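Notes follow once the structure below has been shown.
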Amino acid sequence: MAIPVVDFSKVGNGASPEERAATMALIAKHCEEWGFFQLVNHGISEELLERVKKVCTEFFKLEREQNFKQSPLFKSLSDLPDGQKLENVDWEDVITLLDHNEWPSKTLGFKDTMAEYRAELRKLAGQVMEVMDENLGLPKSYIKNAFNSGGEEAFFGTKVSHYPPCPKPEMVNGLRAHTDAGGVIMLFQDDVVGGLEVLKDGEWFDVQPMRNSIVINTGDQVEVLSNGRYKSAWHRVQAKPDGNRRSIASFYNPSMKATIAPAPQLVENGGVGVEAFGYPEFVFGDYMSVYAEQKFDPKEPRFQAVRAM
């Protein structure tokens, strides 16, 4: 079974009312049933996406690959006896790009290209959230405003990851199974090398590589705001013996001071008795302190832990 694919141009001004209604219904269905779908015709230029692939691939080869091969992780796997597995680690090389942290500087064009790309992804996140608002029957910008509450702007980060060829892929995870803590996640994954899987109805499905698509998945905070209609999906990455998988994930998350709770419109009795429906009201920073310790554990106890804070 393939991960659903959505033509995002069909929700824009150029679409007919019938096309738009059908596409909006598809997005709602995928948010409810999968928590994952792929966007094509999303408005980000092919030229920019090709530059992103180029600079990220060159960055890893120039600035990261040799260090990864000399890392304790690489040595630990090499020394591991057959039949055993490395636990509590991931076969992943990763850096995080924020507006104000230090970015790689040796790779020609990396900074300018990734700054341009992040600006486009931030706009796309706003468009996706507005589609979710409409489908959930919420006022326009409800989710965005919720993420910007607490007197701070929403957090927007980009994780540039590579999963190098693994000599013993059966003995280590590429990335352990987890749900994402935040809001809306936009992934630009490798065109060729697979490995990303999503859990649906107790079965793992491949998120098939598709050239220049953007994979959308919903995080824990969208699950809470939607009062459980949109579930955050479990996903993982399998280590592979061949290829060097590139993965660029951007996260539009609440500010650390934002207060998150189910939207009153989505709770029975006009929002009375929210606690009875399983999702507490909490400050996102408190949730992140719990998530940091329990990222790879079941998510329901995280909600219970933050309820008690």
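The values are calculated or read from the model by the stated rules, or taken from the named source; none is laboratory data. Everything numeric in this text was worked out from a predicted model, so none of it was measured. Cβ: placed from backbone, ideal geometry, glycine included. Neighbour counts: every protein chain shown. Only protein heavy atoms, including side chains, enter the accessible area calculation; ligands, DNA and RNA are left aside. Shrake-Rupley method; radii C 1.70, N 1.55, O 1.52, S 1.80 Å.
By its C-alpha gyration tensor, with a ≥ b ≥ c as the square roots of the eigenvalues, how is the stretch 172-309 shaped: rounded for a/c under 1.5, else prolate for a/b larger than b/c, else oblate? Taking the square roots of the gyration eigenvalues as a ≥ b ≥ c, the stretch 172-309 is prolate. Taken over the stretch 132-178, the percentage of Cα pairs per 10 Å bin, counting from 0 up to the bin with the maximum distance, is 19, 25, 21, 20, 14, 0. Amide H to amide H, with H built 1.01 Å from N, Ala239 comes under 5 Å of Gly174, Leu175, counting only residues 5 or more places away or on other chains. When Asp297, Asp79, Asp90, Asp112 are compared by accessible area of protein heavy atoms, the largest-first order is Asp112, Asp79, Asp297, Asp90, using a 1.4 Å probe. The solvent-accessible area of Val160, taken with every protein chain present and a 1.4 Å probe, is close to 0 Å². The lysines whose alpha-carbon is closer than 24 Å to the alpha-carbon of Lys240, local same-chain residues fewer than 8 away aside, are Lys53, Lys54, Lys61, Lys69, Lys75, Lys85, Lys159, Lys168, Lys200, Lys295.
Counting only alpha carbon atoms, the long axis of helix 110-136 and the longest principal axis of the chain meet at about 30°. The overall shape of the stretch 88-182 is oblate: from the C-alpha gyration tensor, with semi-axes ordered a ≥ b ≥ c, the ratio a/c is 1.5 or greater and a/b is no larger than b/c. Among the trypsin sites (Lys or Arg not before Pro) in the stretch 36-85, those placed in a DSSP loop whose Cβ has at most 16 other Cβ atoms within 10 Å are Lys85.
In a reduced charge model with +1 at each Lys and Arg Cβ and -1 at each Asp and Glu Cβ, the stretch 1-95 shows a dipole moment near 140 debye about its Cα centre.
Heavy-atom accessible area for Met210, with the other protein chains in place and a 1.4 Å probe, reaches approximately 60 Å². In this simple spin-label model, placing a label point 7 Å from the Cα along the Cα-to-Cβ direction at both Met256 and Glu46 gives a separation of 4.3 nm. Partner aspartates and glutamates whose Cα lies under 17 Å from the Cα of Lys140, excluding those fewer than 8 positions away in the same chain, are identified as Glu130. Only Lys, Arg, Asp and Glu carry charge here, each on its Cβ (+1 for the first two, -1 for the last two); on that basis the chain has a dipole of about 440 debye about its Cα centre.
Once the 1.4 Å probe is applied to the protein heavy atoms, the chain comes out at 46 Å² accessible per residue.
Look at the dipole of the chain built from charges on Cβ: of Val52, Gly194, Asn227, the Cα furthest out on the positive end belongs to Val52. Across the stretch 92-103, rounded Karplus estimates of 3J(HN,Hα) from the backbone phi angles (6.51 cos²θ - 1.76 cosθ + 1.60, θ = phi - 60°) give 8, 10, 9, 10, 10, 9, 10, 4, 10, 9, 7, 9 Hz, Gly and Pro being marked x. Farthest toward the positive end of the dipole of the stretch 168-259, out of Thr259, Val184, Val172, is the Cα of Thr259, where the dipole comes from beta carbon charges about the Cα centre.
For the stretch 14-58, what class follows from the C-alpha gyration tensor (a ≥ b ≥ c being the square roots of its eigenvalues): rounded when a/c is under 1.5, otherwise prolate if a/b is larger than b/c, else oblate? Oblate, because a/c is 1.5 or more while a/b does not exceed b/c. Over the chain, DSSP H runs of length four or greater, each weighted -39,500 (n - 2.57), average out per residue to a 222 nm ellipticity of -10000 deg cm²/dmol. Which angle from 0 to 90°, rounded to the nearest 10, does the C-alpha axis of helix 17-33 make with the longest principal axis of the chain? Roughly 70 degrees between the two axes. Using the Karplus relation 6.51 cos²θ - 1.76 cosθ + 1.60 with θ = phi - 60°, the per-residue 3J(HN,Hα) values for the stretch 159-170 come to 9, 9, 10, 10, 10, x, x, 10, x, 9, x, 6 Hz, with x marking Gly and Pro. For the peptides 13-23, 225-235, the ranking by packing is 225-235, 13-23, with the highest mean count of neighbouring Cβ atoms within 10 Å listed first. The mean sequence distance of close C-alpha pairs (under 8 Å, at least 6 residues apart), as a share of the length of the chain, puts its relative contact order at 21 percent.
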